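A.B. asks: Got a structure for you, written out below as structure tokens; questions coming shortly.
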Amino acid sequence: MSFQKLQDRLRRRLLAQIAAGQLTGLGLADMTGFQQAHISNFLNRKRALSLAAMDRVLDAMRWSVVDLMEDAELQPRVQRMSPPEDDYENVALVEGANGLAQPIVAAHHVREVLKFKRSFLRRLRPDAASARAQWQRFVLVKVDSREGMSMYPRMMPGATLLIDRHYNSLHPYRRAERNMYAVRYAGGWTIKYVEVAGKTLVLRPENQEYPVSVVSIGENESATDYILGRVCHVAIET
């Protein structure tokens, strides 16, 4: 788009604001620091604005050059900038213990659906200690105040966690770094570090002000049956 065309569109938009009673020439002069005659001459096509002067008008109106473009001009740019829909995968944010523990997430357990880039999800390495092929792999949960603070500073209250339910082994995902797990606990779930001592599951918090929990592993069950998945991404709203 030429500079002259941008000026014409700026002029038309300003005149539309004036016609609607939302702006006056005197008010625009005050906002930009120009003489009223300078603004009047521009609006009446008696003179052009310099690039610096045009920037001052746009700043005063809180507009950008994009605001002077028409939809037909913007659409191809938006299409180039927006990744194709199939680059993303829908992941359910679930609520309730059953939402996290059931192999296939039922619709009534879904709070909302968020999108994650497929390329990111594909890079995550699974490690299933028991059959999980039929499980919906990724789900999201939001932690409450107690859960969040028990693992502070690795997560915080209100954080949204991406859980990889195809990773329920006790092998560290990264060398010398403990995995955080979503674990079945007290009729619900908790987020903790996991250790095994005989037939006992030890759930450790990051924050030492919170207690260690102990779970007896049931007969004919293994420790990994209690692990719902590995926390592989933490998102904190600010």
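Quick note: the coordinates plus some simple rules give every number you see, no bench work behind them. All values reported here derive from a predicted model rather than from experimental measurement. Note: ideal-geometry Cβ built from the backbone for every residue, glycine included; neighbour counts use all protein chains shown.
A.B. asks: Just rank Thr32, Thr24, Thr160, fewest to most, by other beta-carbon atoms within 10 angstrom.
C.D. replies: Neighbour counts put them in this order, fewest first: Thr24, Thr160, Thr32.
A.B. asks: Here are a few candidate values for P(r) over Cα pairs in 5 Å bins from 0, in percent: (1) 1, 6, 11, 13, 12, 8, 5, 4, 5, 6, 7, 7, 6, 5, 3, 1, 1, 0, 0; (2) 1, 6, 14, 18, 21, 18, 13, 6, 2, 0, 0; (3) 1, 6, 13, 16, 17, 14, 11, 8, 6, 4, 2, 1, 0. Which one was actually calculated from the structure I just gave you?
C.D. replies: It is the one labelled (1).
A.B. asks: Let me ask something else. Where does the charge balance sit around Lys142 when Lys and Arg score +1, Asp and Glu -1, over other residues with C-beta under 14 Å from its C-beta?
C.D. replies: Result for the neighbourhood of Lys142: -3.
A.B. asks: If I model a spin label at Gln208 and Glu112 as a point 7 Å from the Cα along the Cα→Cβ vector, what separation in nanometres do I get?
C.D. replies: Going from the Gln208 label point to the Glu112 one covers 3.8 nm.
A.B. asks: Using the number of other C-beta atoms within 10 angstrom as an exposure proxy, rank His171, His38 with the fewest first.
C.D. replies: Lowest to highest Cβ neighbour count: His171, His38.
A.B. asks: Further question on the same structure: Sort Ser169, Ser50 so the one with the fewest other Cβ atoms within 10 Å of its own Cβ comes first.
C.D. replies: Going from sparsest to densest Cβ surroundings: Ser50, Ser169.
A.B. asks: Compute the signed sum of charges (Lys and Arg +1, Asp and Glu -1) over the other residues within less than 11 Å, Cβ to Cβ, of Arg165.
C.D. replies: Taking every Cβ under 11 Å from that of Arg165, the sum is +2.
A.B. asks: Moving on. Going by Cα centres, region 110-143 and region 160-180 are how many Å apart?
C.D. replies: Using only Cα atoms, the two centres lie 12 Å from each other.
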